[in-house]
Structures are given as structure tokens and as C-alpha cells.
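The values are calculated or read from the model by the stated rules, or taken from the named source; none is laboratory data. Quantities reported herein were computed from a predicted structural model and do not represent experimental measurements. Ideal geometry is used to build each Cβ from the backbone, glycine not excepted, and the neighbour counts take in all protein chains shown. When the accessible area is computed, the model is the full protein with side chains, heavy atoms only, and any ligands, DNA or RNA have been set aside. Shrake-Rupley method; radii C 1.70, N 1.55, O 1.52, S 1.80 Å.
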Amino acid sequence: MSNSTQTISEPESAVTRKSVLNIRHKELGSKLDGDTWNGMPIPWSYHTDVNDEVVAVRTRAGLYDVSALNIVNVTGPSALKVLDQLVAIDVTELEPGTSRLAAEVNEAGALVDDIMVICDAKDTYRLSHGSGATQDTLARLAEGHDVQIAQDYDVHILSLQGPKSVDILDPVVDVDLKTLPYFKHVETTLFGCEVVISRGGYSGERGYEVYCSANDAVHLWDSILEKGHRYGAIPASWDSLDLTRVEAALLFFPYDMPEGDTTPWEVNMGWCIDLNKKGDYIGKQALTNLKGRERFKQAGLVCQSSEAVEIGAKIIKDGKEIGEVTSAIFSQYLMKSIAMVHIKPEFSQLGNQVVVTGATPVKAQVVKTPFYDPMRLRTHPDQ
């Protein structure tokens with residue numbers, strides 16, 4: 001059996017950032033010489049079995065280094081005004097200590113980045129984003145405004161994911177993490193270091209992200225794993241993060257938007273858009289016009305195969321091409337070959353039988369997503 005995970009490539013000249021945790025990643029078996037993301041070498045694999053790492057995340061806890069995320073500080077009297085133009089959510093509604101995922105689109109209404117807006121104060125924000133257009137657009141919007149924009153190259157992000165994450169962290173901080181809601185964050189001290197802890201993550205499990213300085217990252221990594229040892233916590237590689245996020249049907253920009261002009265409506269991101277609650281912003285008119293005119297729908301397939309189908313494979317119905325695979329894995333945890341796909345709306349009904357192309361065509365069925373925890377009770381137990 002094999003897994004098919006995303007491949008991310010950047011030119012060698014793009015490698016400008018390094019995690020101080022690379023010393024630990026190499027000790028754990030990562031060569032750090034493969035694909036990079038946002039200019040940072042990534043620990044794609046360790047000596048441990050990637051499927052054992054998934055089991056740890058699903059049943060105990062796994063610790064990820066997600067420092068490759070871009071963190072941009074946006075501060076000053078005009079910070080709120082600028083950000084409210086950048087994204088499709090109503091940033092004015094964000095209160096300090098909260099964050100929200102946002103659709104960021106261009107004037108044509110096409111997604112241009114994966115972005116989270118984090119509010120620390122009404123004039124102090126952090127943007128967590130991927131490899132898209134955020135910083136170029138932000139610089140343009142900031143012209144003539146009293147706002148300061150600076151990428152934080154010091155910050156490191158440790159993400160502890162899994163049902164035991166709260167048991168590991170809660171006893172060693174001076175805040176009540178058990179009651180910290182999803183997408184909320186607090187400043188606290190962890191193992192003697194000043195940090196910000198947010199509840200969230202990318203695994204489909206309860207989890208917490210620890211934002212810390214580079215000087216503290218190795219100490220915190222070691223201390224979390226030492227504290228978590230009795231709970232079965234282990235370091236987890238990015239390959240296992242990709243497996244868990246596909247099981248949870250979580251999108252990865254731009255790999256789940258291969259068209260290049262994908263709209264939020266086509267990938268079930270309407271909840272990242274405020275059409276009526278706020279004034280004008282980049283792409284608002286286009287989003288309004290495109291609503292209800294989706295060319296395809298984001299959907300899930302369970303495939304009759306003991307391997308992952310190919311990313312980019314075409315989906316066929318009655319001899320006609322009706323869609324494309326955007327992400328695919330064989331999940332040993334679920335014992336299923338699953339795929340996230342774009343499929344024409346008229347063929348997206350649950351139970352629809354299709355064929356995925358490849359060296360050997362594979363029969364598949366449209367199913368409800370997420371594939372794992374379809375009600376998202378692991379991350380949102382109170383909803």
C-alpha cells in the first residue's frame with residue numbers, strides 16, 4: 001500500500017528561512033533536503049512510521065513544527081481599515097484574543113491565499129498565511145495609510161494535536177485551556193517561556209498551537225515531549241499532517257485549487273465570506289456575481305483501491321470527464337483510499353458512482369466529508 005501526498009517545490013534560492021528545531025528534526029531522521037514551503041525546509045518524514053504518527057495524533061498527541069507558516073504583524077491606527085479591505089470577512093467584528101479564517105480573493109473573486117486573521121488588539125493583528133498573494137496585496141493596500149507591516153521571522157510555532165493535548169498543556173500554564181474556545185488565544189507562560197497559545201490546528205483533532213521566540217523553541221519542544229511522554233505523545237512529521245488533514249477534508253492552498261481561478265463558493269468556503277455585513281473590499285462585487293454559478297463543487301470520494309489514486313487524475317462518469325482529484329491518500333487509520341475532488345455540481349450527490357482515471361481505472365463513490373469525524377465533534381465538541 002502507498003500514500004499519495006502533496007509535493008511542494010520551490011527553487012533553491014527560495015530557501016531563506018530555517019527552523020531552529022532542525023537539529024531535532026535531523027535527530028528524528030529528517031534529511032531536510034527535499035521540498036520546501038515558504039522558503040523553509042520541511043521535516044516531511046522521520047524514522048518513525050508515518051501511520052503510527054497518525055494513530056498517535058488520533059488517540060494520544062503528536063507534536064508538529066509548523067514554523068514555516070508566514071506570520072505578518074499588522075499594527076497601527078489604520079491596521080483595521082487595511083485588513084478589512086484585504087479579506088472577505090468583517091474584521092471589525094474580531095475581538096482581542098480571537099481569530100478567524102478568511103477568504104482572500106482578487107478582483108475576479110478567485111482565491112489568492114489561505115489566511116487567518118488574528119486579533120491581539122483593535123490596532124494590533126497577526127496574519128498567518130501560506131504561499132499566496134497576501135504580502136504583495138497588503139503592501140499595496142497600506143500605501144498612504146498609518147500602518148506598519150512586518151513579517152515575523154523570529155516566531156516559531158509548535159502545534160500539539162490530539163485528544164491528550166489539553167491534558168499535557170493545561171497543568172503547566174496559568175490559564176484554563178480546557179475552556180479555551182476554538183480559534184481563541186491567550187498569552188501565558190509555558191515551561192518558563194512567554195508564549196501565545198491558540199486552540200486550533202490542521203489535523204481534525206483538538207489541538208493547540210504555541211507561538212514562541214526562536215530562542216525558546218528547542219526548550220519548549222523538548223519540554224512538551226517530556227511532559228507528554230506519559231500520555232504517549234510523539235514528534236510527528238509533515239507527511240502525517242498531510243494524512244490527517246485529508247482525512248479531515250481540510251483544504252491546502254493552492255493544491256486544492258488547481259484551476260488558478262477557484263472561487264470560495266466552489267470549495268465550500270462561503271463561511272469565510274461576509275457579503276452583507278461589511279462595505280467594499282477586494283473582489284466583493286465578483287463574489288456577489290459568482291455566487292450560485294459554481295463550475296464545480298468540492299467533494300469527497302472513497303475509491304475501491306488499496307492505494308491512493310493519483311493527484312490530478314480525471315474523474316469520469318458515463319465516458320465523460322466531470323472532475324479532477326486535488327488531494328488523495330490511502331488512510332491506514334480509516335482503511336480506505338480517499339480523495340478530495342472537484343466535480344461538476346450535477347454529479348456531486350452523495351452515493352454517485354464514478355471512475356478515477358489512472359494506469360488502472362478505479363471505481364469510486366461520492367461520500368460525505370470530512371471522511372474522519374464527519375460532525376467535527378473532535379474539534380468542536382460543543383457545537
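Extension gain, Val186 to Thr98: 0.36 nm times the residue separation minus the Cα-Cα distance gives 30.8 nm.
Sorted from greatest to least, the principal axis extents spanned by the alpha carbons of the range 301-350 come out as 31, 21, 17 Å. Measure up Lys26/Lys227; Lys277/Lys320; Lys178/Lys227; Lys284/Lys344 against 29 Å on the Cα-Cα distance and list the ones that go over. Cα-Cα > 29 Å for Lys277/Lys320; rest within. Sparsely packed loop sites in the range 233-314 (the trypsin sites (Lys or Arg not before Pro) outside DSSP H, G, I, E and B with at most 15 other Cβ atoms within 10 Å) comprise Lys277, Lys291, Arg293, Arg295. The Cα trace of the range 144-274 gives Rg and Dmax of 17.1, 54 Å, the first to one decimal, the second as a whole number. Of the trypsin sites (Lys or Arg not before Pro) in the range 95-180, the ones in a loop by DSSP (not H, G, I, E or B) with at most 16 other beta carbons within 10 Å are Lys122.
With r defined as the distance between the Cβ atoms of Glu226 and Ala150 and R0 fixed at 30 Å, what FRET efficiency is calculated, to the nearest 0.05? The calculated FRET efficiency here is 0.35.
In percent, rounded to a whole number, the relative contact order of the chain is 19, using alpha-carbon pairs under 8 Å and six or more apart.
Measuring max minus min along each principal axis, the C-alpha atoms of the chain give extents of 61, 51, 46 Å (largest first). For the range 27-89, the calculated P(r), taken from all Cα-Cα distances in 5 Å bins from zero up to the bin holding the longest distance, is 4, 13, 15, 15, 13, 11, 8, 10, 8, 2 percent.
Volume of the convex hull of the range 53-149 (Cα atoms only), normalised per residue: 118 Å³. Once the 1.4 Å probe is applied to the protein heavy atoms, the range 277-383 comes out at 52 Å² accessible per residue. Quick one: pull the percent of accessible area on the range 275-325 belonging to carbon and sulfur, 1.4 Å probe, ligands and nucleic acids left out. Carbon-and-sulfur percentage of accessible area, whole number: 42. Protein heavy-atom accessible surface, 1.4 Å probe, per residue over the range 110-173: 37 Å². Taking N as the residue count of the range 267-330, its C-alpha radius of gyration divided by 2.2 N^0.38 Å amounts to 1.55. Taking the square roots of five times each eigenvalue of the Cα gyration tensor of the range 256-383, the equivalent ellipsoid has semi-axes of 28, 19, 12 Å, listed largest first.
All distinct Cα pairs of the range 327-375 go into the 1/r average, and the inverse of that average, the Kirkwood radius, is 11.9 Å.
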